[in-house]
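J.: Take a look at this one; I'll ask things after.
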Amino acid sequence: MLSKSELTQAEAFARIRLLRSPNIGPVSYRQLIARFGSAGAALDALPDLASRGRGPYRPASADSIEREVLAVRAAGARYLFHDQPDYPVLLGELDSAPPIVTCRGRLALASQPCVALVGARNASAAAVKLARDFASGLAEAGFTVVSGLARGIDGAAHEGAFPATIGVIASGIDITYPPQHAELQERIASKGLLIAEQPPGTEPRGRHFPSRNRIIAGLALGTLVVEAAPQSGSLITARLAGEAGREVMAIPGSPLDARALGCNQLIREGAVLVQTPEEVVELLQSFTGAPRSRFRVSDGAADFDYSELAKLDWGEARADLSRDVGCLLTNAPVTIDELVRQSGASPAQVNMALLEMELAGELVRESDGTVRLAS
């Protein structure tokens, strides 16, 4: 395994190429690096590992990565890798932490205590003012306010905290979304911090927003929901924060207002009710890793040391183990711990079998760490 100081230009290029290759996500990326020691070695191994797929496996081309690197530079951005010293510590604690992000602005903001502030796009005027006031108060207390640059509550949070704010976007670093926030996004990139997980040139799509939400929750000690309807993306962010063992807070609203039902639901499920910025400050300043909110912490992901993959003898037993693990899977999500129990194989063997299935396009990893067959 390369140390932080040994990240050469060639290895950085190989890491970007590995992450952009088909069927590779944050978990499989980390497993491949752990198994083979470097991205270059992992790229060489990909065709064999994905051999159970329907056709030959082709990693991302070097030409496409060269174009991407040029686009990142043209946007005035830089790459940040998961094992570099200035990668945000709290974000790195997530099992699904993005291995590589692009960013513009002041990275030091992510090293300060952060609070995520999210809510409805079609927010009420009162909630927008409340979000702006809360963000301002939190910034004055020394917190960096993290949000998603959406209309409504997100935009008000950024404005209230500016310049002590981080915008996490669901597009590439060079794409503005929504268009009406072009000026705000540029101000954040210039004086705050702008973070993107998607490659440059990527327009935001529905599947990108939950991924963005996990970064918002992962950067922060706690997530505050100001106003949200049931089934909204803000509630996804709150639940991701709960699963990560972070504080979850919500501002209550009238039961007659549909836009407040999501916050009331969160409070009923265990989120901490807050009514002033001072209450948020008090809650997070005393946060020791044991949240007062009572959200259930996910047990979807097995407690597994990826370094065990490097010791694995994946030889004669490979085909039988992959078949046995594959037979245990259906379209219903299941924990990796359960697969280990039922297969009788070691955690390293099960994870390696799942990795091969994922590379072949046969496996889907859910946000809570469970896995299922691809449809």
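Just so you know, all these numbers are worked out from the coordinates, no wet-lab data involved. Note that the structure is a prediction, hence the values are computed from the model and not measured. Reconstructed Cβ throughout: ideal geometry from the backbone, glycine too, with neighbour counts over all protein chains shown.
J.: Run the numbers on the range 31-187 and let me know its relative contact order in percent, using alpha-carbon pairs under 8 Å that are six or more apart.
T.: Values: 198 pairs, mean separation 24.9, N = 157.
It rounds to 16 percent for the range 31-187.
J.: Give me the angle, in degrees from 0 to 90, between the Cα long axis of helix 9-19 and the longest principal axis of the Cα atoms of the chain, rounded to the nearest 10.
T.: That helix lies at roughly 90 degrees to the long axis.
J.: Taking every DSSP beta bridge that has both residues in the chain, what percent is antiparallel when rounded to the nearest 5? Before the final figure, lay out each step's value.
T.: Working: 12 of 32 bridges.
Percentage antiparallel, nearest 5: 40.
J.: Give me the angle, in degrees from 0 to 90, between the Cα long axis of helix 347-359 and the longest principal axis of the Cα atoms of the chain, rounded to the nearest 10.
T.: 80 degrees
J.: Further, regarding this structure: Excluding ASN122 itself, what net charge comes from residues whose Cβ is under 11 Å from its Cβ, given Lys and Arg +1 and Asp and Glu -1?
T.: Net charge in that neighbourhood comes out at +2.
J.: Can you say what percent of the DSSP beta bridges in the range 222-375, counting only those with both residues inside, are antiparallel? Round to 5. Could you put the intermediate results ahead of the total?
T.: Details: 4 of 10 bridges.
If we restrict to bridges inside the range 222-375, about 40 percent are antiparallel.
J.: From the gyration tensor of the Cα coordinates in the range 72-132, what semi-axes in whole Å does the equivalent ellipsoid have, largest first, with each one equal to sqrt(5λ)? Mind dumping the intermediate values first?
T.: Values: eigenvalues 158, 50, 27 Å².
Rounded to whole Å, the semi-axes are 28, 16, 12.
J.: So if I restrict to the alpha-carbon atoms in the chain, what is the Rg, and what is Dmax, the biggest pairwise distance, in Å?
T.: Considering the chain through its Cα atoms, Rg and Dmax are 21.1, 65 Å.
J.: Quick one: if you stick a label point 7 Å off each Cα along the C-beta vector at GLU366 and GLU140, how many nm between them?
T.: For GLU366 paired with GLU140, the spin-label model returns 4.4 nm.
J.: Using the Karplus curve 6.51 cos²θ - 1.76 cosθ + 1.60 with θ = phi - 60°, what ³J(HN,Hα) values do you get for each residue of the range 284-289, in whole Hz, with x for Gly and Pro?
T.: Once θ is set to phi - 60°, the couplings for the range 284-289 become 7, 5, 9, 6, 10, x Hz.
J.: For the range 110-120, what does the Karplus curve 6.51 cos²θ - 1.76 cosθ + 1.60, with θ = phi - 60°, yield as ³J(HN,Hα) per residue in whole Hz, taken in order and with x for Gly and Pro?
T.: Going residue by residue, I get 6, 8, 7, x, 10, 10, 8, 10, 9, x, 5 Hz, with x marking Gly and Pro.
J.: How long are the three semi-axes of the equivalent ellipsoid for the range 34-185, computed from the Cα gyration tensor as the root of 5 times each eigenvalue, in whole Å, largest first?
T.: 36, 18, 15
J.: With θ set to phi - 60°, apply the Karplus curve 6.51 cos²θ - 1.76 cosθ + 1.60 along the range 143-159 and write out the HN-Hα couplings as whole Hz, x wherever there is a Gly or Pro.
T.: So the Karplus estimates, Gly and Pro as x, are 9, 8, 9, 10, 7, x, 6, 7, 5, x, 4, 4, x, 5, 5, 4, 5 Hz.
J.: Okay, next question. As a test of the formula, what do you get for the chain when each DSSP H run with n ≥ 4 contributes -39,500 (n - 2.57) and the sum is divided by the residue count, at 222 nm and rounded to the nearest 500 deg cm²/dmol? Intermediate results must be reported in sequence, preceding the final value.
T.: On the way: 15 runs with 157 residues, N = 375.
That comes out to -12500 deg cm²/dmol.
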